[in-house]
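The values are calculated or read from the model by the stated rules, or taken from the named source; none is laboratory data. None of the values given here were measured: they were computed from a predicted structure. Cβ atoms come from the backbone with ideal geometry, glycine included; neighbour counts cover every protein chain shown.
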Amino acid sequence: MADLFSTDTLSAIVEDLRTPANGLAGRYFTSVQTADTEEIHFDVDSKPRRMSPFVSPLVGGKVVRSRGFAAKTFKPAYIKDKRVFHPGRAIKRAMGERVGGGQYSPDERLQLLVAQDLQDQLDMLERRIEWMAAQAMHSGAVTITGEDYPTVVVDFGRDAALTVVKTGANRWGQAGINPLDDLQDWSDTMVQKTGVAMTEVAMTVDVWKIFRADANVKARLDRWRGNSTMQTDAHQREGLVFQGMVDQFAVYTYSGWVVDPVTDTEGAILPAGTVVGAAGPAYVEGTRHFGAILDVDSLQAVEYFTKSWIEQDPSLRYLLMQSAPLLVPERVNATFRATVL
């Protein structure tokens with residue numbers, strides 16, 4: 001029997017277990033870049049609408065300054081998820097095993113426990129990545145804070161016009177307010193700022209209830225266009241759920257929750273009353289950046305690294321997963337957020 005806790009075996013198990021991230025990270029942040037340094041580097045390109053200058057054909061050409069870009073560097077916070085394997089775990093009934101045990105040998109139980117703990121580590125990492133994706137889409141920035149890590153705001157520089165807060169009588173659901181007019185205006189703002197139109201919007205469920213009740217939306221919502229398998233009643237689930245097309249906009253609902261590791265309380269990933277928009281994954285160019293793993297056993301640029309070791313007294317085995325992620329919308333002005341309720 002191969003050593004379950006060797007680096008190669010753990011890596012192979014992780015590759016078998018891992019599933020694609022759902023929701024915002026799975027749609028808008030699909031590119032992956034790993035670094036062999038602690039810092040990650042990304043470029044921000046703001047493309048002004050310059051025109052060629054007029055000059056007389058009898059004079060020399062006018063020198064035009066080349067368009068540049070801003071290079072940003074950030075040392076991402078570290079994730080270190082450590083689990084303890086006490087010898088007694090392998091002789092107790094595993095979850096799903098029949099009462100009284102005996103269905104699995106201790107070695108088989110140990111294999112199950114390793115797979116379960118690795119899956120849980122991966123799920124927790126994916127939730128953190130999804131949370132970062134939502135932060136980037138919602139605020140155009142990610143706020144990093146944690147134990148022994150000073151709070152840092154990584155601001156990607158989204159134009160202020162692409163973050164809207166509607167108040168009072170201007171909120172959706174109020175008399176005389178047309179959500180479709182708002183969507184079109186916000187899309188036009190995105191065209192002005194980045195050259196591409198907003199084509200997708202994701203709403204928290206409270207917003208969707210108001211949106212779908214609007215008479216203009218009712219008259220134009222097509223729940224089949226863009227998805228040939230769409231049912232008239234989409235089953236609600238965690239993540240993004242396609243609800244239909246209205247004019248140029250693919251409309252999704254978004255549901256997701258995470259437990260804060262500091263406060264140990266569960267909260268929504270996106271706050272109530274939120275609409276996030278995008279010009280589409282190809283224009284957002286969301287990238288999952290991963291800094292180097294600072295471990296003597298990890299000599300490669302990887303998304304995450306898993307290792308295990310034994311403590312002799314008391315007799316314990318530790319399982320550790322490490323990662324240093326930051327999600328970056330490379331074209332941040334292709335994202336948008338409105339608070340509408």
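Residues checked against (1) within 30 Å of Tyr149 (Cα to Cα); (2) crowded, with 18+ Cβ neighbours inside 10 Å; (3) modelled with pLDDT of 95 or more:
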| position | (1), (2), (3) |
| --- | --- |
| Met198 | no, yes, yes |
| Lys209 | no, no, yes |
| Gly226 | no, no, no |
| Arg237 | no, no, no |
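Kindly provide the set of residues from segment 271-289 that are crowded, with 20+ Cβ neighbours inside 10 Å and either closer than 20 Å to Leu326 by Cα or modelled with pLDDT under 90 (or both), ordered by number. Break it down stepwise before answering.
In the first step, residues of segment 271-289 are kept if they are crowded, with 20+ Cβ neighbours inside 10 Å; the result is 274-279, 283-284, 286, 288-289.
Scanning segment 271-289 gives Val276, Ala278, Tyr283, Val284, Gly286, Arg288, His289.
For every residue, the table says whether it meets (1) under 29 Å from Pro325 (Cβ atoms); (2) without any contact (Cβ under 8 Å) to a residue 40 or more places away in the chain; (3) touching a strand residue (DSSP E or B) at 6+ places or on another chain (Cβ under 6 Å).
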{"residue": "Glu147", "(1), (2), (3)": "yes, no, no"}
{"residue": "Gly168", "(1), (2), (3)": "no, yes, no"}
{"residue": "Ile177", "(1), (2), (3)": "no, yes, no"}
{"residue": "Gln184", "(1), (2), (3)": "no, no, no"}
{"residue": "Thr194", "(1), (2), (3)": "yes, no, no"}
{"residue": "Asp214", "(1), (2), (3)": "no, no, no"}
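For segment 140-259, list the strands (runs of 3 or more DSSP E) that sit wholly inside it and hold at least 3 residues that are under 30 Å from Lys72 (Cα atoms); which are they?
Numbers: elements: 141-146, 149-155, 163-165, 200-204, 239-246, 249-255, 257-259.
Once the strands (runs of 3 or more DSSP E) in segment 140-259 are filtered for at least 3 residues that are under 30 Å from Lys72 (Cα atoms), what remains is 141-146, 149-155, 163-165, 200-204.
Out of (1) of a type outside the set (Phe, Trp, Tyr); (2) under 30 Å from Val14 (Cα atoms); (3) surrounded by 14 or more Cβ atoms within 10 Å (Cβ to Cβ), the odd one out for Asp148 is which?
The number of the failed condition is (3).
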